[in-house]
Amino acid sequence: MKDFVESVLRGIGTGSVYALLGLGFVIIYKATRVISFAQPAFMLAGAVLVTYLVGPLGFFLGLAAAAVLTGGLALGVERLAVRPMIGRPVFTVAIITLGIDIAVRVVVNAAIGLDVRQVGDPWGLKVWKLPGGVQVEQRHVAMVLTTAVLIALLFVFFRYTRTGLAMRAASYDQEAALAQGVSVGAVFALSWALAGALAAVAGTFAAVGGSVSESLWLIALTALPVIILGGLDSLPGAVIGGLAVGTVQELTATYQGSLPWLGGNISVVTPYVVMFLVLLVRPYGLFGTREVERV
Amino acid sequence: MLRVQNLEVVYDDVMLVLRGVSLQVPPGRIVALLGANGAGKTTLLRALSGLLGVHDGAITKGAVTLDEKPIHRLRPAAVVRRGVTQVMEGRRTFAELTVEENLRLGAHTRPKGRAEALERMYGLFPVLAQRRGSVAGYLSGGEQQMLAMGRALMSDPAYLLLDEPSLGLAPRLVEQVRDLIVQINRAGTGVLLVEQNATMALSIAEHGYVLETGKVVLDKPAAELLADDDIREFYLGRAERSFRDVKHYKRRKRWLS
Ligand SMILES: Nc1ncnc2c1ncn2[C@@H]1O[C@H](COP(=O)(O)OP(=O)(O)OP(=O)(O)O)[C@@H](O)[C@H]1O
Ligand SMILES: [Mg+2]
């Protein structure tokens, strides 16, 4: 029982990182109908920026600054490299984003250098003890709380602000939004900026308790099954998908010892297995809309 | 004055759809634009509102001016800001958003006057006030048309471009839409009314144009057009003889046949 509860808590912690990444993918997808494979690079860029900013600014301010800077970087990349491709086949644009990912990562890797770079968070691997001997890692609590705050902010943004409303409208019918005077270009740019900022936070939290390295990229890869299982165009889907994948992954990691014939690393594969099972039952993901299939 | 001068529009670099169209909408007046399917009415409205780009269309000749200033190179948002707003064919309300959100979006270019404009719209369209919290996708066709018009009016345009507002509506609703257009116009908004329902359009318009395969073929006061034999035959279906040829005749809109 203790193992179970601890795995679930860990799962929700790592799952909230997946949720943040997934939200970024979905925001870009809803605005532009493109899956951006550049998200992993922004995740890495954000974490590396934090390692540089934590000295002068401290962790929290550093994280906020890194999120803003990464958002700005993503906005610039969209404007320079993605916008000119609008109207090309979706596949072409997706490949362009893959190219962007590689380019940004090359630059960021140079910035990592040979040292061990840490994000300088206050939690490390410290734990809190709960009743019943259950231990919960502080970093996981921090991840969940941060994610919850960001989700609440996004909700308010999309529900109540003029710009958020314009983004929702443009996502539903671009031409009709244009006809009301919405600048669809600004919507594209903003979607990339938001996704970049979210990726920066996700990347930083993924590096908490360890160090920043190129292997963060593997975590970003997990966001793909997350969004496909949640439904490509659903923000709640990205959150629930992220939490579900995180939890299943941790549970498998904990209990795979009792199923030795599965081998030692099955938890890495579980996101894809979950995605596969969900798609069997619900071809558009848990919360996806049907129309998405036609795009 | 909203003026179209000798306008040529091409789709996909090759399809010449408007071939030198000229027309004008004086401020505060209703002008009707009639024409068979595919004549280029929607294309003309897109040229006015800056939406040609979305369809790979481009203006290759001529100009659109608003009070003598050219507006045909502006982006859609800039055109809306200058006071020309289009209600697209088929309503195109945002089905996933609520009625009120649809209206709020209409004021995207004018956030300051939003609350006041919202009250004005609820006064003009009491149905929308009742359903302000419900999702637009659940509205009936007539309500959607009102929502689309209300949304466009939220930007407080000097000129409203209406693309077939009566399309697919029952006769009583057509009358209601017609009365609303008159009311909107009385409040000072100029209206360019694209219609297949010629009787309805000409009954409220001051002037009318008939477009055929990208050219203006008739340009007369509405009362004269209404009395015109060709128009009567072609649009009102009084005679079985065709306007130009039988094929053309058959291209009339659904509800006339
Ligand atoms: N995006 C487009 N690309 C290429 N051709 C187009 C496009 N949109 C319209 N056309 C063509 O331009 C011509 C005029 O179309 P338009 O939609 O302006 O006609 P319309 O008068 O509005 O017709 P309707 O009464 O059916 O709405 C038609 O021949 C149509 O096939
Ligand atoms: Mg049309």
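Details
- Close pairs (7 angstrom Cβ cut-off, 6 or more residues apart or separate chains): more than 23 Å from B:D179 (Cα to Cα) in segment B:202-231, among the small types (G, A, S) and open to solvent by 50 Å² or more (accessible area, probe 1.4 Å) anywhere: B:V216/B:S22
- Among the criteria (1) open to solvent by less than 10 Å² (accessible area, probe 1.4 Å); (2) out of contact with any Lys or Arg (no Cβ under 7 Å at 6 or more places or on another chain), the one A:V212 does not fulfil is (2).
- Summed over segment B:166-200, the residues that are in a helix (DSSP H, G or I) and either at pLDDT below 95 or open to solvent by 10 Å² or more (accessible area, probe 1.4 Å) (or both) give a count of 16.
- Of the helices (runs of 4 or more DSSP H) lying entirely inside segment A:124-227, those containing at least 2 residues that are within 26 Å of A:D101 (Cβ to Cβ) are A:138-160, A:162-172, A:184-207.
- On inspection, B:A107 passes the criterion of being in contact (Cβ under 8 Å) with a residue 24 or more places away in the chain and out of contact with any strand residue (DSSP E or B) (no Cβ under 8 Å at 6 or more places or on another chain).
- Residue within segment A:231-248 that is free of Cβ contacts under 8 Å to residues at least 24 places away in the same chain, part of a helix (DSSP H, G or I) and within 24 Å of A:D3 (Cα to Cα) present: no
- Entry remark, segment A:157-194: residues being among the aromatic types (F, W, Y) and open to solvent by less than 10 Å² (accessible area, probe 1.4 Å) number 1 in total.
- Tabulated pairs, segment A:161-180, first under 17 Å from B:V87 (Cα atoms), second buried (at least 17 other Cβ atoms within 10 Å of the Cβ) and among the aromatic types (F, W, Y), C-beta under 6 angstrom, 6+ apart or interchain: A:A169/B:F94; A:Y172/B:F94
- Failed condition for A:V187, given (1) within 14 Å of another protein chain (Cβ to nearest Cβ); (2) over 20 Å from A:V156 (Cβ atoms): (2)
- Qualifying positions in segment A:70-94 - in a helix (DSSP H, G or I) and without any contact (Cβ under 8 Å) to a residue 24 or more places away in the chain: A:G76, A:L80, A:A81, A:P84, A:M85, A:F91, A:T92
- B:G90 touching a Phe, Trp or Tyr at 6+ places or on another chain (Cβ under 8 Å), within 13 Å of chain A (Cβ to nearest Cβ) and within 14 Å of ligand 2 (Cβ to nearest atom): no
- Among the candidates B:A152, B:A129, B:A148, residue that is modelled with pLDDT of 95 or more, aliphatic (A, V, I, L, M) and within 16 Å of ligand 1 (Cβ to nearest atom): B:A148
- Residue within segment A:206-214 that is over 14 Å from the mean Cα position of the chain (by Cα) and β-branched (V, I, T) present: yes
- Pick from segment B:93-130, criterion among the charged types (D, E, K, R) and at the interface with chain A (Cβ under 8 Å from one of its Cβ atoms), ranking: most open to solvent (accessible area, probe 1.4 Å): B:E96
- When the residues of segment B:14-57 are filtered to those that are within 14 Å of another protein chain (Cβ to nearest Cβ) and surrounded by fewer than 18 Cβ atoms within 10 Å (Cβ to Cβ), the one that is nearest to ligand 2 (Cβ to nearest atom) is B:H55.
- B:R82 being within 14 Å of chain A (Cβ to nearest Cβ), within 26 Å of A:A177 (Cβ to Cβ), at pLDDT 95 or above and more than 12 Å from ligand 1 (Cβ to nearest atom): yes
- Among residues of segment B:60-79 being within 14 Å of chain A (Cβ to nearest Cβ) and open to solvent by less than 10 Å² (accessible area, probe 1.4 Å), the one that is nearest to B:G141 (Cα to Cα) is B:V79.
The values are calculated or read from the model by the stated rules, or taken from the named source; none is laboratory data. As the structure is a computational prediction, the values presented were derived from the model and not from experiment. With ideal geometry, Cβ positions are generated from the backbone for all residues, glycine too; neighbour counts draw on all protein chains shown. When the accessible area is computed, the model is the full protein with side chains, heavy atoms only, and any ligands, DNA or RNA have been set aside. Shrake-Rupley method; radii C 1.70, N 1.55, O 1.52, S 1.80 Å.
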